[in-house]
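The block underneath contains the structure these notes are about, expressed in structure tokens.
The values are calculated or read from the model by the stated rules, or taken from the named source; none is laboratory data. Nothing here was measured: the structure is a model prediction, and the numbers come from that model. Virtual Cβ from ideal backbone geometry, glycine too; neighbours counted across all protein chains shown.
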Amino acid sequence: MELHDYLTVLRKSWVFILIVVLLGGAAGGGLYLATPKAYATTVDFYVSTPTKQNDNPQASGQFAESRVNSYILLLSSEQLAQRVVNASGVGLTPLEVASRITASAEINTVVIRATVTDSSAQRSLQIAQGVTQSFGPLVDDLDNVGRTTPVVLIHTVSGPTLKSGPVTPDLKLYLGAGLLAGLVLSVVVALLAAVLRRQRRNERLTAGELPDAADQSWGWDAQDEQAESTTSAAAPAKG
């Protein structure tokens, strides 16, 4: 089979391919509807270190950066989660709250983003509000307790902000994957069926049988059969 043979198969199978592609898209949409949705609320914290008149500002900034990784871990800790439960009144255990909180920061920055993800948009916002109220005091208790001047300060610079829609699942991703899967499957099935049909036709011709209607339903089969008939008629008779 050559390239134009494959193209002929696809052209003759366009209805089948279209139906399977649409079914794939429908399956992707159904899977999207069946997948539990998750909502996210974000809060941004700025970590700073107070400097005195004779202090080196660069050294203070480096100290703040060095604390960021520790605070990222602290945001997902059970100790903070317990304070969030107490502050927000959310009906979850500290472990359940901690599992819903993630934190990250860009390299060489002192801004930490905490993200609360939950199946309930309202509960996501409620937990994030508790994080906002509890994170600064927890850092004070750990790093500033017993000091006349705090060595680190936590400022809420953004949020809590509830995202407008669910963050997962992604409708476009599910539909795209379903349509693509339907396209690939339909093309493979159409080409495989054509190859098997061609093989069966050749076996019939080898056995001296005429191909049936199904064997002649594809463009190249009819062309091959006509070419073979012409060749047979043009060949000189033996003897």
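A few remarks follow.
- Any hit, the stretch 140-151, residues being farther than 17 Å from residue 46 by Cα and of a type in the set (Asp, Glu): yes
- Residues that are polar (S, T, N, Q) and either buried (at least 19 other Cβ atoms within 10 Å of the Cβ) or touching a helix residue (DSSP H, G or I) at 6+ places or on another chain (Cβ under 6 Å) (or both) occur at least once in the stretch 156-177.
- Of all residues in the stretch 2-27, exactly one satisfies the criterion of being aromatic (Phe, Trp, Tyr), surrounded by 13 or more Cβ atoms within 10 Å (Cβ to Cβ) and closer than 19 Å to residue 181 by Cα, namely 16.
- Flag for residue 81 being closer than 30 Å to residue 33 by Cα and in contact with a Leu (Cβ under 9 Å, 6 or more places away or on another chain): no
- Residue match in the stretch 110-131 (condition: of a type in the set (Ser, Thr, Tyr), in the same structural domain as residue 43 (by TED's automatic domain parsing), more than 15 Å from residue 40 (Cβ to Cβ) and crowded, with 19+ Cβ neighbours inside 10 Å): no
- Listed conditions (1) farther than 17 Å from residue 73 by Cα; (2) exposed (fewer than 15 other Cβ atoms within 10 Å of the Cβ) are all met by residue 92, apart from (2).
- Residues that are part of a loop (DSSP other than H, G, I, E, B) and under 19 Å from the mean Cα position of the chain (by Cα) were ranked within the stretch 145-190; the one that is modelled with the highest pLDDT is 163.
- Residues that are of a type in the set (Val, Ile, Thr) and outside any strand (DSSP E or B) were ranked within the stretch 109-130; the one that is modelled with the highest pLDDT is 127.
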